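Chemist: Sending over a structure as structure tokens; questions will come in a sec.
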């Protein structure tokens, strides 16, 4: 597995690689969810490349950036064992050189939910994703459904900028109790971890209402929130929202996404369930 640290070297490698080329962007702290992305890329592409970059531009709070888990040796071993052909591990100075003055701003799906809770977050996401897509020129790029709003933002970016790379969504990987795998899960205390799966349980209650025929958005959201409210002594709810998965606007018809975010102490967890099209 080749290790590349400059954008020029990464771009050169990708230009010469066998096609199709699959790109798996990550911030490290790899887990089974990332392994699923890599497995999909390996299955569909002749060459699979990954990136590891903890992007400071998408963290609003310095403490959050500092606390983000990092274990580069373990990540590199994981990628090599998974059959990744090359990994791009740039420094912040390489990605954002002196005098850096350009950022990508996506409106639309970036505005509500996480956009409200984390101002500027999706500008940071869109900027780094655009830089990686440009440098790699990949045929496919793989993103987890767990970060559904990020996925919507990346798809909007691709469409608006005419990027030829196909964006491939990979289903969320979960623990046996339903907790969505996340690098941030390692920051949970044992007590918080025992409670963390309540977010998935709450979303499942709302999803069951929707599948059973409920078409009142507020009723579906309230069903999920009621489950979370029972644990209000231990967690705080940022939002529960039934939205359209492409626009992230409040759901009215067609495919639906039920998304939620909670805080357990200093740890913020997000999750979602894709509910499909009720007419299909």
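The values are calculated or read from the model by the stated rules, or taken from the named source; none is laboratory data. Every value quoted in this text rests on a predicted model; they were computed, and no experiment measured them. Counting neighbours? That spans all protein chains shown, and the Cβs are built from the backbone with ideal geometry, glycine included.
Chemist: In the stretch 1-55, what residues are in a loop (DSSP other than H, G, I, E, B) and over 14 Å from the mean Cα position of the chain (by Cα)? Give the derivation first.
Modeler: Of the residues in the stretch 1-55, the ones in a loop (DSSP other than H, G, I, E, B) are 1, 5-6, 17-20, 27-31, 45-46, 53-55.
Those that are in a loop (DSSP other than H, G, I, E, B) and over 14 Å from the mean Cα position of the chain (by Cα): 1, 5, 6, 17, 18, 19, 20, 45, 46.
Chemist: Can you find a residue that is outside the structural domain of residue 248 (by TED's automatic domain parsing), more than 17 Å from residue 4 (Cα to Cα), out of contact with any helix residue (DSSP H, G or I) (no Cβ under 8 Å at 6 or more places or on another chain) and crowded, with 17+ Cβ neighbours inside 10 Å anywhere in the stretch 43-52?
Modeler: Taking the stretch 43-52 first, the residues outside the structural domain of residue 248 (by TED's automatic domain parsing) are 43-52.
With the extra rule that they be more than 17 Å from residue 4 (Cα to Cα), the set shrinks to 43-46.
Still in the list and also out of contact with any helix residue (DSSP H, G or I) (no Cβ under 8 Å at 6 or more places or on another chain): 43-46.
Still in the running and crowded, with 17+ Cβ neighbours inside 10 Å: 45.
Checking the stretch 43-52: at least one residue is outside the structural domain of residue 248 (by TED's automatic domain parsing), more than 17 Å from residue 4 (Cα to Cα), out of contact with any helix residue (DSSP H, G or I) (no Cβ under 8 Å at 6 or more places or on another chain) and crowded, with 17+ Cβ neighbours inside 10 Å.
Chemist: Enumerate the pairs (first residue in the stretch 5-23 and at pLDDT below 95; second residue anywhere and in a loop (DSSP other than H, G, I, E, B)) with beta-carbon separation below 9 Å, excluding pairs fewer than 6 apart on the same chain, so at least 6 apart or on different chains.
Modeler: Hits for this filter: zero, empty list.
Chemist: Determine if the stretch 136-145 includes at least one residue that is assigned to a helix (DSSP H, G or I) and surrounded by 15 or more Cβ atoms within 10 Å (Cβ to Cβ). Can you show your working first?
Modeler: Pass one, the stretch 136-145, residues assigned to a helix (DSSP H, G or I): 136.
Applying the additional criterion that residues be surrounded by 15 or more Cβ atoms within 10 Å (Cβ to Cβ) yields 136.
Scanning the stretch 136-145, I find at least one residue that is assigned to a helix (DSSP H, G or I) and surrounded by 15 or more Cβ atoms within 10 Å (Cβ to Cβ), so the answer is yes.
Chemist: Taking residue 208 as meeting all but one of (1) touching a helix residue (DSSP H, G or I) at 6+ places or on another chain (Cβ under 9 Å); (2) buried (at least 18 other Cβ atoms within 10 Å of the Cβ), write down the number of the exception.
Modeler: Answer for residue 208: the failing condition is (2).
Chemist: A follow-up question, please. Looking at 73, 62, 56, 97, which one is at pLDDT below 95 and surrounded by fewer than 20 Cβ atoms within 10 Å (Cβ to Cβ)?
Modeler: On the way: 73 fails: at pLDDT below 95; 56 fails: at pLDDT below 95; 97 fails: at pLDDT below 95.
From the options 73, 62, 56, 97, the qualifying one is 62.
Chemist: Can you confirm whether residue 159 is touching a strand residue (DSSP E or B) at 6+ places or on another chain (Cβ under 9 Å) and either farther than 24 Å from residue 61 by Cα or at pLDDT 95 or above (or both)? Spell out the reasoning first.
Modeler: Working: touching a strand residue (DSSP E or B) at 6+ places or on another chain (Cβ under 9 Å): no; either farther than 24 Å from residue 61 by Cα or at pLDDT 95 or above (or both): yes.
It is false that residue 159 is touching a strand residue (DSSP E or B) at 6+ places or on another chain (Cβ under 9 Å) and either farther than 24 Å from residue 61 by Cα or at pLDDT 95 or above (or both).
Chemist: When you check residue 80 against the structure, is it assigned by TED's automatic domain parsing to the domain that holds residue 129, without any contact (Cβ under 8 Å) to a residue 60 or more places away in the chain and outside any strand (DSSP E or B), yes or no?
Modeler: Values: assigned by TED's automatic domain parsing to the domain that holds residue 129: yes; without any contact (Cβ under 8 Å) to a residue 60 or more places away in the chain: no; outside any strand (DSSP E or B): yes.
So residue 80 fails the test.
Chemist: Looking at the stretch 161-280, what strands (runs of 3 or more DSSP E) fall wholly within it and have at least 1 residues that are assigned by TED's automatic domain parsing to the domain that holds residue 142 and without any contact (Cβ under 8 Å) to a residue 40 or more places away in the chain?
Modeler: On the way: elements: 166-170, 236-243, 256-264, 267-276.
Those strands (runs of 3 or more DSSP E) span 166-170.
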